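Here's the structure we're looking at; comments come further down.
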Amino acid sequence: MKNKEILLESFESKYNEKFVCKRPFELVEIDLDGNVYFCFPRCNNTSYKVGNLYDSSFEDISLSQTALIFKKDILNSDYKYCDFNYCNAPSIDLHYQNFNCHESMGITYPLELRLHIDNICNVKCFMCRSEHIVRNNKEKQFREVLIPRIVSMCRNAKKIFMNGQGEVFFSPLAKELILEITKKYPNISFDFCTNALGFTEKNLKEYNLENKVESVSVSMHAIKKSTYEKIVVGASYNRLIENLEYIKYLFDSKQLKNVTLNFVVCKYNYNEMIDFQYYANKNGFNCFFSSLVDVGVITKNFDDIALRNKKSIDYFKFCRIIVNSIFNNNCIFDNNLNEIRNSLLLENKSQSLIGFIIRNFVK
């Protein structure tokens with residue numbers, strides 16, 4: 001648990017000035033319902049939304065009382081709405097330097113947009129959804145209202161992240177939005193979270209994304225065919241591997257800067273974590289391991305499936321795997337898994353020290 005006051009005092013003592021985080025003035029996130037957030041919602045301890053893009057333009061949202069309260073809180077270094085447990089702030093990289101308070105309280109178009117704007121998908125991951133979602137019930141509003149307003153927000157943007165809630169390369173609406181953005185702002189780069197089943201040379205051309213994709217985060221969750229197709233229902237493992245080879249080609253030729261393979265840890269796949277990391281290392285990719293979250297889809301035995309039952313044999317085996325040294329590099333664990341791993345490593349180190357003392361000093 002990070003202590004906000006200690007972090008802020010540490011920054012102030014080091015730099016002799018108050019910490020003002022630049023993220024809320026540079027990054028905007030939009031969720032499936034059109035809600036607008038300054039910075040990441042997960043970093044807001046109240047998921048503080050400043051408005052809704054279906055109801056108001058970004059310009060009106062930026063000048064709303066709700067938005068001004070939030071921005072004033074940041075500029076005053078109060079951070080009433082922030083949760084530093086899920087944030088890298090305060091750090092010098094996130095410090096808002098040479099800011100103009102008057103301008104910051106006005107309309108500040110984001111440098112980065114994170115768009116979770118369509119949840120239709122070509123597969124059904126068992127932990128994500130109970131049915132295939134292939135239709136967006138806001139298509140008309142999306143085309144007439146959301147697309148023009150998002151495009152208008154992109155005038156200063158350097159990067160756009162999509163999607164996280166569905167599959168970009170299966171969504172006609174996402175395709176229309178990307179085509180509108182790239183037509184007006186051809187120099188914007190994109191990061192995608194994708195299952196990669198549609199990440200093909202053909203689709204990149206059709207989406208006008210050639211030489212515009214900077215990073216790809218692939219939701220994969222397994223390294224064996226049988227496990228993958230059990231978790232990612234409706235997917236083709238052979239197609240995934242074929243497209244990963246294309247991604248590898250783009251990465252090796254410097255057309256992609258970063259590739260991350262995502263792995264949601266559960267009872268069905270934890271014993272493949274080492275092989276998964278080995279595959280990533282071999283290709284120069286990173287791995288992101290995250291805990292299974294209860295979104296109401298798994299109704300039975302969730303704690304066992306999510307490896308939360310610390311008395312189970314699966315949890316014991318998982319603990320032996322997660323401390324493997326292969327995860328020392330090119331790997332990120334979410335907060336929960338990181339705490340488990342660090343605790344186990346500390347415990348193992350303590351036990352090793354005790355064993356050393358017993359072997360060498362106790363007669």
Reach of Lys138 by Cα under 22 Å, taken over lysines that are not fewer than 8 positions away in the same chain: Lys49, Lys124, Lys175
At a 1.4 Å probe, what is the % contribution of carbon and sulfur to the accessible area of segment 96-187? 47 percent
Between Ser64 and Tyr15, how high is the FRET efficiency from 1/(1 + (r/R0)^6) when r is the Cβ-Cβ distance and R₀ = 35 Å? Nearest 0.05. 0.65
Measuring from a point 7 Å past the Cα of Val293 along Cα-to-C-beta, which residues in segment 194-235 have an amide N at less than 19 Å? 194-195, 217-222, 232
What is segment 188-257's relative contact order, in percent, from Cα pairs under 8 angstrom and six or more apart in sequence? 39 percent
Students often check this: by mean Cβ neighbours within 10 Å, which of 235-248, 303-316 ranks highest, and how do the rest follow? 235-248, 303-316
Report the gain in length on full extension from Glu242 to Glu201: 0.36 nm times residue separation, minus Cα-Cα distance, nm rounded to one decimal. 13.6 nm
Where Arg149, Arg129, Arg320, Arg42 fall by accessible area, highest first, once all protein chains stay in place (1.4 Å): Arg320, Arg42, Arg149, Arg129
What is the sum of charges, Lys and Arg at +1 and Asp and Glu at -1, for the other residues whose Cβ falls under 13 Å from the Cβ of Ile69? +2
Quick one: pull the percent of accessible area on segment 208-363 belonging to carbon and sulfur, 1.4 Å probe, ligands and nucleic acids left out. 50 percent
So what is the calculated 222 nm ellipticity per residue for the chain, using -39500 (n - 2.57) for each DSSP H run with n of 4 or more, over all residues, to the nearest 500 deg cm²/dmol? -11000 deg cm²/dmol
Any idea of the accessible area per residue across the chain, 1.4 Å probe, to the nearest Å²? 52 Å²
In whole angstrom, and with the biggest value first, how far do the Cα coordinates of segment 175-283 range along each principal axis? 47, 27, 20
For Ser217, distant residues with modelled amide H under 5 Å away: Phe192, Cys193, Thr194, Thr260
For segment 1-79, the fraction of alpha-carbon pairs in successive 5 Å shells from zero, as %: 3, 14, 24, 23, 15, 10, 7, 4, 1
Computed label-point distance, nm, for sites Ile107 and Asp252 using a 7 Å Cα→Cβ extension: 4.8 nm
Could you put His102, His95 in order of accessible surface area, largest first, with the 1.4 Å probe and the full protein assembly present? His102, His95
Is the shape of the chain best called rounded, prolate or oblate, per the rule: a/c under 1.5 gives rounded, else a/b larger than b/c gives prolate, else oblate, with a ≥ b ≥ c the square roots of the Cα gyration tensor eigenvalues? oblate
Let me check against my output: what whole-number percent is the relative contact order of the chain, with C-alpha pairs under 8 Å and at least 6 apart? 12 percent
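The values are calculated or read from the model by the stated rules, or taken from the named source; none is laboratory data. Since we're looking at a predicted model, the values are computed, not measured. No Cβ is skipped: glycine too gets one built from the backbone with ideal geometry, and neighbour counts run over all protein chains shown. Note: accessible area is taken over every heavy atom of the protein model, side chains too, but ligands, DNA and RNA are not part of it. Shrake-Rupley method; radii C 1.70, N 1.55, O 1.52, S 1.80 Å.
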